[in-house]
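Worksheet: the structure to be examined is printed underneath.
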Amino acid sequence: MANRLGTQLFVSKLSFFTNHRELKNLFSPFGVVKEARLIRDPKTQRPKGFGFVTFETETEAHKALKAMNGRIVRGRLIFVEFAHDKEFKTDTNS
């Protein structure tokens, strides 16, 4: 089975002043952005400094990762990587 990278990117070290529209616009030159989501603190509703960007294709996501990882945005060095699904492993030896 081929190892698929996926279409969703995890973006960290964002400025706390970055908004949803800015995040989407930042990544839209690389393809069709299906979703751009900032993670917020549930109590204060302030951004936590990271989010997710989902592209239509893996190729678009890969282009964005290569272009944006390690780039300075709003005075901050951001990091971009493919998002990983949380996997819950169960102990089968029990």
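The values are calculated or read from the model by the stated rules, or taken from the named source; none is laboratory data. Since we're looking at a predicted model, the values are computed, not measured. Note that each Cβ is placed from the backbone with ideal geometry, even for glycine, and that neighbours are counted across all protein chains shown.
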On the basis of being in a helix (DSSP H, G or I) and β-branched (Val, Ile, Thr), does residue 59 make the cut?
yes
With respect to residue 31, is the statement that it is touching a Ser or Thr at 6+ places or on another chain (Cβ under 9 Å), modelled with pLDDT of 95 or more, among the small types (Gly, Ala, Ser) and on the phi > 0 side of the Ramachandran plot true?
yes
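Would you be able to say whether some residue in the stretch 2-17 is farther than 14 Å from residue 79 by Cβ, small (Gly, Ala, Ser), assigned to a strand (DSSP E or B) and in contact with a Phe, Trp or Tyr (Cβ under 9 Å, 6 or more places away or on another chain)?
The answer is no, given that none of the residues of the stretch 2-17 is farther than 14 Å from residue 79 by Cβ, small (Gly, Ala, Ser), assigned to a strand (DSSP E or B) and in contact with a Phe, Trp or Tyr (Cβ under 9 Å, 6 or more places away or on another chain).
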Would you please name the residue that is surrounded by the fewest Cβ atoms within 10 Å (Cβ to Cβ), looking only at residues in the stretch 70-94 that are at pLDDT 85 or above and assigned to a loop (DSSP other than H, G, I, E, B)?
75
Flagged in the stretch 3-44 as of a type in the set (A, V, I, L, M), surrounded by 13 or more Cβ atoms within 10 Å (Cβ to Cβ) and touching a residue at least 24 places away in the same chain (Cβ under 8 Å), in numbering order, are 5, 9, 11, 14, 23, 26, 38
